[in-house]
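Right, one structure below, let's go through it.
The values are calculated or read from the model by the stated rules, or taken from the named source; none is laboratory data. This structure is a prediction, so every number in the text was calculated from the model and none was measured. As a convention, Cβ positions derive from the backbone with ideal geometry for all residues, glycine included, and neighbour counts pool all protein chains shown. Accessible surface areas use protein heavy atoms only, side chains included; no ligands, DNA or RNA. Shrake-Rupley method; radii C 1.70, N 1.55, O 1.52, S 1.80 Å.
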Amino acid sequence: MKFVRKQYSDGVLKDLYDGILRSRMIEEKMLILLRQNKISKWFSGIGQEAIAVGCTLALDADEYILPMHRNLGVFTGRKIPFARLFAQWQGTMMGYTKGRDRSFHFGTNEHHIVGMISHLGPQNGVADGIALASKLNNEKKVTLVFNGDGGTSEGDFHEALNVAAVWDLPVIFVIENNGYGLSTPSNEQFRCKAFIDKAIGYGIEGVQVDGNNALEVYDAVKTLAESMRKKPRAVLLECLTFRMRGHEEASGTKYVPKKLMDEWARKDPLENYESFLLKEKVITQGYVDELRKKIKRETEEGLGVAFAESHPVADTEVELNDVHAPWTQQVIEPKTKSTEKRFIDAISDGLRQSMERYPNLVLMGQDIGDYGGVFKITDGFVKLFGKDRVRNTPLCESAILGASLGLSVKGMKSMVEMQFADFVTEGFTQIVNNLAKTHWRWGQSADVVVRMPTGAGTAAGPFHSQSNEAWFFHTPGLKIVYPSNPHDAKGLLCAALEDPNPYLYFEHKLLYRSLKDQVPDDYYTTEIGKAKIVKEGSDVSIITYGMGVHWATEILSQLPDVSAEVIDLRTLLPWDKDTVLASVKKTNRVMVLHEDTLTGGIGGEIAAWIGEHAFHHLDAPIARVASLDTAIPFAPTLENNFLAKGRIKGKLEELLAY
Ligand SMILES: Cc1ncc(C[n+]2csc(CCOP(=O)(O)OP(=O)(O)O)c2C)c(N)n1
């Protein structure tokens with residue numbers, strides 16, 4: 001191996017050595033502890049240490065790094081106290097996740113690290129968001145995100161590179177090309193000869209280095225970062241390396257030919273670099289021995305502290321409380337006059353006034369820029385707020401949702417518009433695994449509202465009509481609002497944008513231009529988690545939301561003899577149990593109604609809860625009215641048959657006659 005020290009001082013050369021040795025010695029200790037059954041799992045980075053160490057030391061301490069499972073050198077390089085790091089691996093309170101997540105799955109803003117989730121690829125979108133915030137705030141900082149060669153097959157990798165390329169985001173996408181993804185060799189994972197070839201496809205620069213050569217990695221990252229701070233842009237850095245142990249210790253390395261192992265053993269990043277430094281007289285054997293002793297001592301001390309602590313005592317209240325970032329809503333009443341606004345104008349109004357209120361709020365979505373969005377919610381916004389804050393995105397739902405978390409990491413707010421709620425499937429991981437869980441895992445809030453144009457009735461077929469709120473209802477960490485009228489549409493959107501927690505905001509497309517109401521002109525918020533009694537009654541409670549409110553009202557207008565109480569939930573997560581319970585106690589009969597399909601719908605949960613908590617107040621079984629358990633048909637006749645509306649009247653009569 002050839003080391004070229006260039007202009008770098010002895011101090012830099014020694015720091016790199018210290019970093020690699022530190023990683024190696026901790027790794028070796030972990031392998032012993034694993035054999036002794038003192039730790040449960042280990043993802044070894046032996047053979048790859050030079051990459052994490054070289055990258056980390058080459059960046060400023062306040063530049064974000066998003067490491068993977070083999071990047072111990074990032075954590076030690078950022079000087080995370082050993083005791084806390086080891087405690088994190090042990091799942092104890094002194095770690096970074098209160099025992100809730102394992103190994104390197106944590107972030108710490110203090111150290112400018114955002115750790116991975118197991119899904120690997122989603123990290124790249126988050127890196128985009130951090131880099132976007134840095135760029136918008138003119139911080140002149142780069143962000144670096146790690147990938148394994150296997151992980152690059154994920155769509156998330158592709159999307160994030162594409163977004164970073166188009167937006168000229170200062171992200172260094174590092175690929176540790178170690179020849180295998182778990183046991184799958186490169187030739188079964190991708191066809192390109194080298195990853196730098198992929199850079200060409202994204203229209204970005206690709207740089208390839210010997211990943212076992214810390215000096216080369218350090219020099220490449222240092223040079224790139226200096227240039228990217230001046231001229232922000234995305235760069236792909238391919239580091240050629242080899243994983244000398246199994247994917248994780250239990251999986252072994254039987255599938256790796258011995259010849260390959262021997263070849264890479266000769267390129268060991270520690271031994272080779274140490275020989276070079278000794279030969280160059282940058283260090284002496286005495287220095288090596290002393291450093292080894294020091295690291296050993298520090299490791300033992302850290303382990304002593306970490307192992308002294310036992311697993312946290314579970315406290316259900318604490319666990320539940322940490323699901324969301326703390327927020328107490330101060331409802332803001334409107335102060336001035338109201339004027340007639342359509343549903344769509346109310347949404348647009350709320351968004352515009354929130355943009356004025358929060359200079360750190362960024363909007364992202366397909367065609368939302370000059371075009372104003374396919375439904376024209378953001379029409380004219382670019383003129384008002386500029387292209388930096390009203391961002392047209394490529395068709396990359398996942399990367400954009402990931403970027404929204406990255407913006408949150410940097411203290412910014414964001415709104416992501418799904419062009420149609422149906423397309424949220426492309427960003428499912430980011431919502432349910434990243435946005436929803438990050439606060440609970442390591443205390444990072446996700447200050448994001450995802451707007452979801454939803455619903456059927458427009459003969460738009462199975463992929464432009466879905467009601468998919470139930471997919472998210474099941475996910476702790478999210479909040480869901482679903483207004484049924486213009487007044488609530490504005491107030492709930494403003495409230496959601498105020499709250500630092502992640503929201504799904506459902507807006508029914510059919511109501512956009514068909515519904516008008518008196519809506520206050522100035523900024524106000526509506527209470528989150530509070531249902532509204534749309535119509536008082538005593539015979540039956542109809543618990544519904546969204547389009548269901550309009551269906552119920554229409555049908556009840558044809559049944560003057562029925563005294564029904566119509567409850568518009570407005571917030572689905574958390575839903576207003578008090579209002580529902582009070583109504584059930586009053587009417588003793590319940591219908592839950594929604595446009596979404598029946599099985600596994602939100603109505604099932606509400607019915608179950610009423611059954612559990614208000615059984616004695618019921619005079620009849622709870623009726624559920626929902627759409628058919630099929631996909632949504634295109635032809636209007638079929639769509640009408642699919643929708644719940646046609647079944648309300650019959651069910652209501654049955655319920656009242658029971
Ligand atoms: C979305 C997803 N699919 C599958 C896995 C299981 N898995 C974990 S690591 C891994 C291989 C990753 O390979 P690579 O990115 O090359 O990293 P390496 O382990 O080689 O360092 C797989 C398949 C996962 N974590 N996430």
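Restricting the first member to the range 1-15 and to residues that are open to solvent by 30 Å² or more (accessible area, probe 1.4 Å), and the second to residues that are assigned to a loop (DSSP other than H, G, I, E, B), the beta-carbon pairs closer than 7 Å and six or more apart or on different chains are 1/212; 1/213; 1/267; 10/282; 14/282; 14/283. Looking across the range 197-241, the residues that are open to solvent by 10 Å² or more (accessible area, probe 1.4 Å) and farther than 22 Å from residue 164 by Cα come down to 210, 216, 218, 219, 240.
Checking the structure you have, find out if any residue of the range 128-140 is assigned to a loop (DSSP other than H, G, I, E, B), within 12 Å of the ligand (Cβ to nearest atom) and of a type in the set (S, T, N, Q). Scanning the range 128-140 turns up no residue that is assigned to a loop (DSSP other than H, G, I, E, B), within 12 Å of the ligand (Cβ to nearest atom) and of a type in the set (S, T, N, Q). Here residue 553 meets the list (1) free of Cβ contacts under 8 Å to residues at least 40 places away in the same chain; (2) not in a helix (DSSP H, G or I) almost entirely, failing just condition (2).
Scanning the range 96-127 for residues that are without any contact (Cβ under 8 Å) to a residue 60 or more places away in the chain and away from the ligand (no atom under 16 Å from the Cβ) turns up 110, 111, 112, 113. Evaluate the following for residue 3: is it out of contact with any helix residue (DSSP H, G or I) (no Cβ under 6 Å at 6 or more places or on another chain), aromatic (Phe, Trp, Tyr) and in a loop (DSSP other than H, G, I, E, B)? Answer is no for this residue.
Picking from residues in the range 16-52 that are buried (at least 19 other Cβ atoms within 10 Å of the Cβ) and part of a loop (DSSP other than H, G, I, E, B), the one that is farthest from the ligand (Cβ to nearest atom) is 39. Please verify whether residue 70 is part of a loop (DSSP other than H, G, I, E, B) and out of contact with any His (no Cβ under 9 Å at 6 or more places or on another chain), treating the condition exactly as stated. Against the criterion (part of a loop (DSSP other than H, G, I, E, B) and out of contact with any His (no Cβ under 9 Å at 6 or more places or on another chain)), residue 70 qualifies. Looking at this structure, is residue 57 open to solvent by 50 Å² or more (accessible area, probe 1.4 Å), away from the ligand (no atom under 16 Å from the Cβ) and at pLDDT 95 or above? Considered against the rule, which asks whether it is open to solvent by 50 Å² or more (accessible area, probe 1.4 Å), away from the ligand (no atom under 16 Å from the Cβ) and at pLDDT 95 or above, residue 57 comes out as yes.
The set of residues in the range 78-108 that are outside any loop (DSSP other than H, G, I, E, B) and within 24 Å of residue 133 (Cα to Cα) contains only 108. Every residue in the range 168-209 that is away from the ligand (no atom under 16 Å from the Cβ) and without any contact (Cβ under 8 Å) to a residue 40 or more places away in the chain, please. Result: 193, 197, 199, 200, 201, 203, 205, 206, 207, 208, 209. Contact map, the range 487-502: residues that are in contact (Cβ under 8 Å) with a residue 24 or more places away in the chain and farther than 13 Å from residue 523 by Cα paired with residues that are assigned to a helix (DSSP H, G or I) and not β-branched (Val, Ile, Thr), Cβ distance under 7 Å, separation 6+ or inter-chain. Pairs shown: 502/435.
Please verify whether residue 287 is modelled with pLDDT under 95, surrounded by fewer than 17 Cβ atoms within 10 Å (Cβ to Cβ) and not aliphatic (A, V, I, L, M), treating the condition exactly as stated. No; evaluated as a whole, the condition is false for this residue.
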